[in-house]
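Here is the structure we will look at.
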Amino acid sequence: MPKAPDNPSRFLPLTPVAFEILLGLADQSRHGYGVMQEVERRTGGRLRLRPGTLYRAINRLLHTGLLEEVPANGDTERDDTRRRYYRLTDLGRRVATAEANRLARAVEAARVKNLLSPENA
């Protein structure tokens, strides 16, 4: 009998660091330092992941099957073969999507309760 697909909701809620890592890998595979740069760029420098925090979280995400290690992208000028590259698994993408939807519902609830105005979002 084939194994049933994992239910993404069993991973929720994600820690902020785990969600940021999944977001950082949502559009392409990256090495750890590339994930750190993407998070800092996307947050305008408001969030900076330290290497110890990043790699502990990556190891947890690898262990739970949300990430996988992949070969370098193939750009020999930019890729460093010593670096380890990561990408979302199918389950990782479904979990990231479920977490984004959960957070969107929380933001909507905050708007309904007048805690967040639409123009300040």
Considering each residue of segment 17-48, count those that are of a type in the set (A, V, I, L, M, F, W, C) and over 12 Å from the mean Cα position of the chain (by Cα), and give that number. 1
What's the number of the condition Ala106 fails, among (1) under 21 Å from Pro13 (Cβ atoms); (2) modelled with pLDDT under 95? (2)
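Considering segment 81-93 alone, what residues qualify as being open to solvent by 70 Å² or more (accessible area, probe 1.4 Å), within 20 Å of Arg10 (Cα to Cα) and within 11 Å of the chain's Cα centre (by Cα)?
Of segment 81-93, the ones open to solvent by 70 Å² or more (accessible area, probe 1.4 Å) are 81-84, 87, 90, 93.
Now drop any that are not within 20 Å of Arg10 (Cα to Cα), which leaves 90, 93.
Answer for segment 81-93, where residues must be open to solvent by 70 Å² or more (accessible area, probe 1.4 Å), within 20 Å of Arg10 (Cα to Cα) and within 11 Å of the chain's Cα centre (by Cα): just Arg93.
The values are calculated or read from the model by the stated rules, or taken from the named source; none is laboratory data. Bear in mind the structure is a predicted one, so any value in this text is a computation, not a measurement. Glycine also receives a Cβ, built like all others from the backbone with ideal geometry; neighbour counts cover every protein chain displayed. Side chains are part of the model used for accessible areas, which takes the heavy atoms of the whole protein and leaves out ligands, DNA and RNA. Shrake-Rupley method; radii C 1.70, N 1.55, O 1.52, S 1.80 Å.
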